[in-house]
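The values are calculated or read from the model by the stated rules, or taken from the named source; none is laboratory data. As the structure is a computational prediction, the values presented were derived from the model and not from experiment. Cβ sites come from the backbone with ideal geometry, for glycine too, and all protein chains shown count toward neighbours. Keep in mind that these areas ignore ligands, DNA and RNA; they rest on the heavy atoms of the full protein, side chains included. Shrake-Rupley method; radii C 1.70, N 1.55, O 1.52, S 1.80 Å.
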Amino acid sequence: MAVRVPRRQLFIDGEWREPALKKRIPVINPATEETIGDIPAATAQDVEIAVEAARKALARDKAKDWSSAPGAVRAKYLRAIASKIKERKSELAKLEAMDSGKPLDETTSDIGEVASCFEYYAGLAEELDAKQKTPVSLSTEKFKTHVLKEPVGVVGLITAWNYPLLMAAWKVAPALAAGCAAVLKPSELASITCLELAEVCINVGLPPGVLNIVTGLGNEAGAILTSHPNVDKIAFTGSTITGSKIMAAGAPMIKPVALELGGKSPIVVFEDVDIDKAVEWTCFGIFLTNGQICSATSRLIVHESIAAEFMDRLVKWSKNIKISDPMEQGCRLGPVVSKGQYEKILKFISTAKSEGAKVVYGGDRPEHLKKGFFIEPTIITDVTPSMQIWRDEVFGPVLCVKTFSSEEEALELANDTHYGLGAAVMSKDLERCERFSKGLQAGIVWINSSQPSFIQAPWGGNKRSGFGRELGEWGLELYLSVKQVTEYVSDQPWGWFEAPPLEDDSEMSYY
Ligand code: NDP
């Protein structure tokens, strides 16, 4: 069932290129701890060439460069990429499961979404032609103004490992649709399918330099990209700590950034829910992707009147979750991505215990799996708001639980976090859900569910979860800049030498 990991190079200027220092990083299958291949490690020289190639793609031939091509032309390439990805769906899904540890069912669905994402932005690229020039109605007839939407230029795209190709697609597809050229730096922990995207680009004849893919270390290749003066914008998905480093690296150049960062999202369960349904969403919201989701609803806040029954059923269902090699049929929980993450998560659990919290289920390696970075679904109670487990993102299959007695208290607990990515509220009272949604400090709110995302709807957070919105039209806007073009159309002289003409045009200013 396993597939061979192709040996790839960096993808720069439309071709494979060996990294300048010929360094490679081993790829470890987190389920078996075996080395299954390696990826090239880009260093400063390689990133430099990749940025140059992207710049050239925007200025190769002014009449024919990627940014001035009609949206319909860019759409053609995006659709071709989508179609190739669909053709290779099963193989890519297997590669991604072996690389990241995500259950094969999940990676199969993710790769399907990757193709849909390219198709969706192909559609928006076509529509962009008509929207590129928009007239603005003014309060004077002396001027005409229109707004141009233009590609931002060369963009650096840096992604995390939990949705390796999908997170890349959320950035690459809109960036290319907008007419930008891009340099993608995926996570060193799961880059295999992003390198296969390079192969797909070669297959469909994507013009050289439009997309460059440089795998390698974050503090080397990623850091060079973020501080590069010839990169016009950085779009980043990853931890809050790296996000803040990226802001700092771009600050001297006032480089714009879009940041999709971490979270500590709440799921609030009121007393009137159907308990089994709410338990299923609670499990899905935290154990999907082996607990490694930015928006994972990792803080359960449950009404005290149903807490005992809810916890019983939560533990019962958690025991039923199939933990296995991600390639096994029916696997629902695979290993976390790396030894480093595995140790970090176990440390979170032991700190919670030492602070007085109680592990009511899980908390360790499952007994039946002797190898691999597996951690049981873990449920922790007796948590106080000052504990690390309540405050910090674990990024693993660990749920912490608190109870509440009033709606006001539930909202206070839900918002008691530096993060502001997702939040879920469960109740049969839809008026209450709506009222509660308004009070939640989060970029995404789920009612009677947790986690689904849609290509058409905006994705992103507030507070320390970042800023900027991916997906939908918002995702395209990240890669477009707005230019005001104003023309003086009156036959009369402006009249500044005589007297300021501002009295009649009170809404107009000189500046
Ligand atoms: P990291 O922040 O460690 O890494 C993210 C990316 O940044 C990787 O490609 C990494 O490379 C790179 N990187 C690391 N250091 C630097 C640097 N100094 N300059 C530039 N790039 C750098 O995050 P993880 O990969 O551990 O991902 C998990 C985090 O991502 C979690 O906090 C999660 O919540 C967040 N996330 C947010 C999402 C959202 O939509 N809001 C979605 C998915 C994840 P390398 O891997 O080589 O270190």
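Laid out as a table, the results:
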item: Top-ranked residue in segment 388-427 [being β-branched (V, I, T) and out of contact with any helix residue (DSSP H, G or I) (no Cβ under 6 Å at 6 or more places or on another chain); ranked as farthest from the ligand (Cβ to nearest atom)]; result: V401
item: Candidate set from segment 154-165 (those that are within 10 Å of the ligand (Cβ to nearest atom) and closer than 20 Å to K233 by Cα); member that is surrounded by the most Cβ atoms within 10 Å (Cβ to Cβ); result: G156
item: Residue ID - farthest from F454 (Cα to Cα), chosen from residues in segment 70-83 that are open to solvent by 10 Å² or more (accessible area, probe 1.4 Å) and part of a helix (DSSP H, G or I); result: V73
item: Residues satisfying the stated conditions in segment 240-275, i.e. open to solvent by 20 Å² or more (accessible area, probe 1.4 Å), near the ligand (Cβ under 9 Å from one of its atoms) and of a type outside the set (S, T, N, Q); result: I241, K245, A249
item: Selection within segment 257-293 - among the basic types (K, R) and under 21 Å from the mean Cα position of the chain (by Cα); result: K264
item: Any chance I241 is on the phi < 0 side of the Ramachandran plot and free of Cβ contacts under 8 Å to residues at least 60 places away in the same chain; result: yes
item: Scope segment 204-235; condition open to solvent by 10 Å² or more (accessible area, probe 1.4 Å) and not in a loop (DSSP other than H, G, I, E, B); matching residues; result: V204, G218, N219, E220, A223, I224, K233
item: Test for V394: is it part of a strand (DSSP E or B) and not assigned by TED's automatic domain parsing to the domain that holds T237; result: no
item: Criterion violated by V183 - all others in (1) within 10 Å of the ligand (Cβ to nearest atom); (2) crowded, with 23+ Cβ neighbours inside 10 Å satisfied; result: (1)
item: Cross-chain or 6+ apart pairs with Cβ under 7 Å, segment 187-213 first and among the acidic types (D, E), then buried (at least 24 other Cβ atoms within 10 Å of the Cβ); result: E188/T215; E188/G216; E196/L92; E196/L95
item: Condition check for I306: among the hydrophobic types (A, V, I, L, M, F, W, C) and open to solvent by 10 Å² or more (accessible area, probe 1.4 Å); result: yes
item: R79 among the basic types (K, R) and either touching a His at 6+ places or on another chain (Cβ under 7 Å) or in contact (Cβ under 8 Å) with a residue 60 or more places away in the chain (or both); result: no
item: Subset of segment 419-440 (residues that are closer than 23 Å to C294 by Cα and either without any contact (Cβ under 8 Å) to a residue 24 or more places away in the chain or charged (D, E, K, R) (or both)); result: C433, S437, K438
item: Meets criteria (at pLDDT below 95 and surrounded by 18 or more Cβ atoms within 10 Å (Cβ to Cβ)) for S67; result: yes
item: Only listed residue being within 24 Å of I49 (Cβ to Cβ) and under 16 Å from the mean Cα position of the chain (by Cα), chosen from I234, I241; result: I234
item: Only one of S116, S100 that is polar (S, T, N, Q) and open to solvent by 10 Å² or more (accessible area, probe 1.4 Å); result: S116
item: Criterion violated by I224 - all others in (1) within 11 Å of the ligand (Cβ to nearest atom); (2) under 18 Å from the mean Cα position of the chain (by Cα) satisfied; result: (2)
